[in-house]
């Protein structure tokens, strides 16, 4: 299968700091892949380069064969990339259902005058928006919260709502930034199942950033490891678990040789 | 000393400080000419209310309300008495030392007034302290009474007082037909006040009793969802409201020029408020130069229609769309350079823009076209056919139409793709952009609509007043509009109306207070932020009902 997203020699600097360094990356269509690495490794920066929050200084990012680096975030979303955030960033004072409706924004086309005079096209579109928003809330099991203010929802529900908002934009590629952060083992297990289901139900390609090794190892088909902005390893979960450079990056220099090499995968699992 | 008595004493000292402050602002003396009930003047009321209020607050907060209620009125009496005693120091000291060099308002007349015009100082002081103690004590009785009685007495007393204060207003409206006999030339008659108090107390009591029997349950979201699906009741309520608005100037306000001019001013502020509410309330863009668009609207109509040397002889109806379009264009043009700015930076730049427009209008450079400081005069009133809207109560309908149109547009926009984009922008600009929202168009739409509404308001203003001068359009108008949005409830359409009534209408009606308007603005805003930061009529989430099955089928077909 063809890769849906390709990054070639992507470099992003902040002053003297190289946050992402000549990163080559590919993700196949319909895959679930993860980017991992210690804190400050440049994972979120890479996400921000893909979604247009940052413009990389060098390199090319191609989505479905089209270059997207340097495009405005809203353009990139319209092309079919949606994301969630490490620290949940819902539109807190809007209701849950309104958050989902905002997500549909790039798929709607009518203008303000349609809204003012309520043209038949507008009425039809709004009815569709409403129905689809309820369907999405149904899908993530949040219909009871539909008309509640988003920031009054429980934590887990907010995470799911963020995903529903992203789904509303009908993405082909979904970027999840630490989707299980702050969840207990039970919720984490549910989230893993949910991410798989998402991929199959919506025919998505999913790219995650994740800290929880258990999640990464269970769910990913491919893992890319970053350290100080550079890719240090890439491969299937089993390969990554055994890779000494990964263990070193996570546990510190010298750990790779000796006893800890056996310990690290154990901890990771 | 018992800690409760200690805090009571503290409250008394605080009361004293407040009441001295009130006296030294000059309010007490300057309002003493306005009778409220019999010989009780507004000057008395403003400082006595402090005793009442502090006594009441002390009682509400008193830990003794449950176990030892008989001590609560005593607490109130102490608070009022101590406060009054401190106030009494003012005339006592003032008679020996001249305070006038420091406080302009510390005059012998004030001292005399505070001591109830008594010849003997000691007797005056005694009366003052007794008044404070009695008022504080009586106010402190209310919270220990049963709920219904408490609410009845509080409602009765405050409404009677309010009627006394607004006596002039009452006598100009249709209310006079009912309440006329209770009023003297100015203020209420003592007997009238007593009867009103009793009647109102009974009414409030009945209402409170009814409320207690049928407590208002906060509707669950599910119930709201059901209600949103059947909008019949809202339609009925809207119809009644519209009827009221239609008969307001002619029947209720008796075509009174003064009252209608106040209502019209409120109306113009409502239009502006609805516009700024789009910019600040919906889209979260803090705009402090809002008066600029009001000025552009006003000057456009003035210059196009004026019969004076500067005018061009167009009719109001020709000038109106031009005014709105020009204001809109100005809004968009100002929007372009500030697209990248947020929060305080945006506020400062827009502030500057507001000043630029005013200074341009005032400049010698544009004087040949815009009249400079002398302004533009002889602006004719709007005409519909042969019917000239020259009286305030006639102009009212023009303004009402303006409000209805802007309200309609604002609320339709709010519940659409654009409105949702504005709200998303307000909540989190970066995420909004990442959700596919084009920031440039979305922001410019908000600036454009806000400016257009303001231009409309300005256009009507010019025709209503008949002349425009640059100094009318100063910063204070922008601040007023922003304040009324905040007081009403940011982002809320009914809040704009409530805010305009409270911050524009009320001060106009209480003309005696006009000198202290800024003081009350400040107090109102601070109190607002402390007590009800979400505003008097906060924005409520729109409830989206779940679509019914047949709907789904219908739209699928």
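Throughout, read-outs are computed from the coordinates displayed, never taken from laboratory work. Worth saying up front: this structure is predicted, and the values here are computed from it rather than measured. In this analysis, Cβ positions are derived from the backbone assuming ideal geometry, glycine residues included, and neighbour counts consider all displayed protein chains.
General remarks:
- Inter-site label distance for residue A:66 and residue B:96 at 7 Å from Cα along Cβ, in nm: 8.8 nm
- Taking every C-alpha pair closer than 8 Å and separated by at least 6 residues, the mean separation divided by the residue count of segment B:256-478 gives a relative contact order of 43 percent.
- Highest-first arrangement of B:446-456, B:59-69, A:100-110, where packing means the average Cβ count within 10 Å: B:446-456, A:100-110, B:59-69
- Shielding by partners for peptide A:121-131, expressed as the average number of C-beta atoms from other protein chains within 10 Å of each residue's C-beta, is 3.
- Cβ neighbours within 10 Å from other chains - mean over A:96-107: 5
- Between residue B:325 and residue B:246, the contour length at 0.36 nm per residue exceeds the Cα-Cα span by 25.6 nm.
- For the pair residue B:312 and residue B:211, the difference between a 0.36 nm per residue extended length and the Cα-Cα distance amounts to 30.3 nm.
- Fewest-first ordering of B:428, B:378, B:98, A:177 by other beta carbons within 10 Å of each residue's beta carbon gives B:98, B:378, B:428, A:177.
- Our note on the geometry: Cα centres of segment A:191-217 and segment B:428-502, 45 Å apart.
- Each of B:51, B:282, B:408 has some number of other Cβ atoms within 10 Å of its Cβ, and from fewest to most they run B:408, B:282, B:51.
- Alpha-carbon centroid distance for the pair segment B:342-421 / segment B:86-143, whole angstrom: 48 Å
- With contributions of -39500 (n - 2.57) from each DSSP H run of at least four residues, the per-residue ellipticity at 222 nm computed over chain B stands at -21500 deg cm²/dmol.
- The alpha carbon radius of gyration of the protein assembly as shown, expressed as a multiple of 2.2 N^0.38 Å, is 1.19.
- Segment residue B:515..residue B:2, full-extension length gain: 180.4 nm, with 0.36 nm per residue of separation and the alpha-carbon distance subtracted.
- Relative contact order (%) - chain B, alpha-carbon pairs under 8 angstrom, separation at least six: 15 percent
- Per-q log10 I(q)/I(0), segment B:8-126, q = 0.16, 0.18 Å⁻¹ (Debye; single scatterer per alpha-carbon; no solvent): -0.76, -0.92
- Highest to lowest packing among B:311-323, B:34-46, scored as the average C-beta count within 10 Å: B:34-46, B:311-323
- For the peptides B:389-402, A:76-89, B:286-299, residues were scored by their other Cβ atoms within 10 Å and the scores averaged per peptide; the highest-first order is B:286-299, A:76-89, B:389-402.
- Cα gyration tensor category, rounded, prolate or oblate, for chain A with a/c compared to 1.5: prolate
- Using R0 = 45 Å, the C-beta based FRET efficiency linking residue A:86 and residue B:532 works out to 0.80.
- Shielding value for B:436-444 is 5, the average number of Cβ atoms from other chains within 10 Å of each residue's Cβ.
- At an R0 of 25 angstrom, the distance between the Cβ atoms of residue B:401 and residue B:258 translates into a FRET efficiency of 0.65.
- Extending 7 Å from Cα along the Cβ direction at residue B:386 and again at residue B:202 yields two label points whose distance is 5.4 nm.
- Between residue A:144 and residue B:66, the FRET efficiency from the beta-carbon distance, with R0 = 41 Å, is close to 0.55.
- For B:119, A:162, order by how many other beta-carbon atoms lie within 10 Å, fewest first: B:119, A:162
- When the Gaussian network model of chain A links Cα atoms closer than 10 Å, the mean-square fluctuations of A:69, A:125, A:149 top out at A:125.
- Rough spin-label spacing in nm, given labels placed 7 Å along Cα→Cβ, for residue B:349 and residue A:242: 5.8 nm
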